[in-house]
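> Please read through the structure below; I'll follow up with questions.
The values are calculated or read from the model by the stated rules, or taken from the named source; none is laboratory data. As the structure is a computational prediction, the values presented were derived from the model and not from experiment. Using ideal geometry, Cβ is built from the backbone for each residue, glycine included, and neighbour counts are taken over all protein chains shown. Just so you know, the surface numbers come from the protein's heavy atoms only, side chains and all, with ligands and any DNA or RNA stripped out. Shrake-Rupley method; radii C 1.70, N 1.55, O 1.52, S 1.80 Å.
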Amino acid sequence: MRILIVDDEPGVHDDYARAILGTEPAAADPQADAFSITSVGTGVDAIAAVESAIAEPAPFAVAFLDLQMASGLDVCETARRIRELDPDINFVIVTALDGASLAGIAKVAGPVDKVFHIAKPFAGAELRQTALALTQRWQFDHDCNAVRAALVRQVAQLEVRAAELAANESRAIHLATHDSLTDAPNRLAFLRALAERTRADGWFATVMIDLDRFKLVNDTLGHLAGDALIREICAILGRSSPDGALVARLGGDEFGVLFSTADETSALLACERMIAACSVSLQVFGSSVQGGASAGLVVTHGGQGSDPVDVMRRADLALNDAKRSGRRMARVFDESMDEDIRFRRRVESGLGEAIANNELSLVFQPIVSRESIEVVGFEALLRWNTMAYGPISPGLFMPIAEESNLIHDLGDWVLRNALAVLTQWPGQYVSVNFSPRQFRRHHFVDYVGESVRRAGVDPSRLQIEITETAIFDDAERAAETLGALRRMGFRIALDDFGTGYSSLHNIRTFALDCLKIDRSFIEGMGRERESAAIVHSIISLGRALGIGVIAEGVETEAQVQALRLAGASHLQGFFFSHPVPAAIARTMAEARGLGGDPAAAPRVMAPPQGV
């Protein structure tokens, strides 16, 4: 314990030492060794000693001050300055005056409980006891202050930690409920908001939005470009959605929008505005990308116990209907969609078993030359006659197969069986339709080449029919694929020509053998000048490019005569023959004709063409 003695009489310092430290071994205080005494003669020296002690740090516990120092600073000013330096030091004023005379010192050097006095002349025992009591008190206060400071630090640390935990919890909640790519609410947050909305009163709209042909962007420009497009569309939806709407990214290229609405009509208009806002050209990593989206909408009245998951399911059904209907549109859910999806699932399940149950078959419709009406080839058409429902139109089951991987299994079955029948014909070709998904398979060229090799068929006897959708979604890759097929000797036909978005440049770019005019134009020739003009234009285009033109859907003699005069190279339709089983097709092939008057040609009834 450090004790400071301030007295201008040097002899008094020895008295302090003897009193505090003791002079005889027997009389020495057992705790005297714990004291360290510093003696100075003036107030200035005392202040300097306190400054030095604090800096070490080894502060004084007690300072004994002579009340009547003869020179320099008086005791009052000395005590005031020391108190400013050290708020914890105890003062003992040594004086012959009474305590009332110390009021001025206590006022400037307080607090009062740290200012004491001893009367002169002092007794050694009294001085020693005072020194011991005040140093022990100072140590106790010092320890308490240290504990208090430690507690304050710990409390502060705990508060910081609590703040960090709260911030981490907030971040964790944000991460759990928000999409990392767009920072929009995610599926979990959307479901929670939807659950709350179903419990509240009033009408609200739930919208499922899906980007159109998003996979094409990923495949052609890469996933980083796809991510950039997702962020752009999310921002567009946020700007174009109704005030107060919740826009969430549910995953992949799917978004959900939730907003209050007055009625179904208002909600549909809001959806159409969002779809229109997405249908813009966007710059993504330096490339121009055409945005587009489809939407499904369901309007629900809250507070009636609606299941949030069922609300989303209905909106999804409406979205699927919008995509099947051509995309870039909004559809409102109705109950028929629910039954439709159940039926589609039954169809999809049945298609998977159709091959094993021997329910699939092929029929063949002849393709004849314009002048001689000679049968030069047949188009192979798939039929499905179910045990449970009877015949199902290809127009119904093929889109379902196209949306699943079943299209590959069906396509393999069609090609394998068509090539097997082809080997029975003397020289005609077989025309097989391939879906866009089949055509875009990375091994499509090798797959077709291996198929004809196994069947022992010359590639020139297989005509590959594809639609404009299959090739113009990725024109560059399609041109490479078609070029490779043509070099191998296959025939290439562009089906349903005139209904898509072809350009003369694209037609010249692709390796084609013929164009097939869509049946809708042939049917309208007799009553619409526009259809007749389109047919004549397509035929003229084909002749100018040196490729054949097949007119599909020919049903009347007038159509035959008009098409022959227009210059169509080949004709196909019910006027010549309905699609026929393989045995009758073989008879036609061997005869190389239809047998006499075309109008009297065999017409084997079968479900209408759909593929």
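> Which angle between 0 and 90 degrees, to the nearest 10, do you get for helix 223-240 versus the longest principal axis of the chain when only C-alpha atoms count?
The helix 223-240 is inclined about 80 degrees to the chain.
> Testing the spin-label approximation: label points 7 Å from Cα along Cα→Cβ at LEU175 and ARG345. State their distance in nm.
Rounded to a tenth, the inter-label distance reads 3.6 nm.
> Hey, another quick one. Which of the peptides 232-239, 359-366, 555-562 is most tightly packed, and how do the rest follow, judged by the mean count of other Cβ atoms within 10 Å per residue?
Packing order, densest peptide first, comes out as 359-366, 232-239, 555-562.
> In the set [x] 36.6, 120; [y] 29.1, 94; [z] 49.1, 155, which value of Rg and Dmax of the Cα atoms in Å was calculated from the structure you see?
[z]
> So for segment 195-322, averaging the separation of alpha carbon pairs under 8 Å that are six or more residues apart and normalising by length, what relative contact order in percent results? Intermediate values should be presented prior to the final figure.
Numbers: 222 pairs, mean separation 51.2, N = 128.
Contact order relative to length: 40 percent.
> Right, something else. For a test of the definition: using alpha carbon positions, the gyration tensor, and the 1.5 limit on a/c, classify segment 479-588 as rounded, prolate or oblate. The partial results should precede the final answer.
Details: a/c = 2.18, a/b = 1.16, b/c = 1.88.
The shape class here is oblate.
> If you roll a 1.4 Å probe over the chain with all protein chains in place, what percent of the accessible area is carbon or sulfur?
That fraction is 53 percent.
> May I pose another question? Where Lys and Arg each count +1 and Asp and Glu each count -1, what net charge lies around LEU211 among other residues with Cβ under 10 Å from its Cβ?
Numbers: positive: ARG213, LYS215, ARG327; negative: ASP210, ASP212, ASP253, GLU254.
So the surrounding residues net to -1.
> Shifting gears a bit: What relative contact order, as a whole-number percentage, does the chain give when Cα pairs under 8 Å and 6 or more residues apart are counted?
Relative contact order here is 8 percent.
> Mind giving me the FRET efficiency for ALA479 and GLU56? R0 is 56 Å, r the Cβ-Cβ distance, nearest 0.05 is fine. The partial results should precede the final answer.
Working: r = 88 Å, r/R0 = 1.58.
The calculated FRET efficiency here is 0.05.
> Could you name the aspartates and glutamates in cross-link range of LYS107, using Cα to Cα under 20 Å and dropping any fewer than eight places away on the same chain?
ASP66, ASP74, GLU77, GLU84, ASP86, ASP88, ASP98
> List the residues, sorted by chain then number, that are 5 or more residues from TRP203 or on another chain and whose placed amide H is less than 5 Å from its amide H.
Answer set, sorted by chain and number: THR261, GLY302.
> Along the charge dipole of the chain, Cβ charges K/R +1 and D/E -1, which of SER431, GLY302, PHE378 sits furthest on the positive end?
PHE378
> Based solely on its DSSP helices, what 222 nm [θ] is calculated for the chain when runs of n ≥ 4 H residues each add -39,500 (n - 2.57) and the sum is averaged over all residues, nearest 500 deg cm²/dmol?
That comes out to -15500 deg cm²/dmol.
> For a quick check: with amide H placed at 1.01 Å from N, whose amide H comes under 5 Å from TYR429's, ignoring anything fewer than 5 positions away on the same chain?
For TYR429, whose amide H was placed from the backbone, the distant partners under 5 Å are GLY377, PHE378.
> Have a look at the DSSP beta bridges in the chain and tell me what percent are antiparallel, nearest 5.
50
> Taking only the C-alpha atoms, wrap a convex hull around segment 350-401 and report its volume per residue in Å³ as a whole number.
Values: hull volume 4.8 nm³, N = 52.
Taking the convex hull of the Cα positions in segment 350-401, it is 92 Å³ per residue.
> Give me a comma-separated list of calculated 3J(HN,Hα) values for segment 445-460, in order, Karplus coefficients 6.51, -1.76, 1.60 applied at θ = phi - 60°, integers in Hz, x for any Gly or Pro.
4, 5, 4, 5, x, 5, 5, 6, 5, 5, 7, x, 10, 5, x, 5
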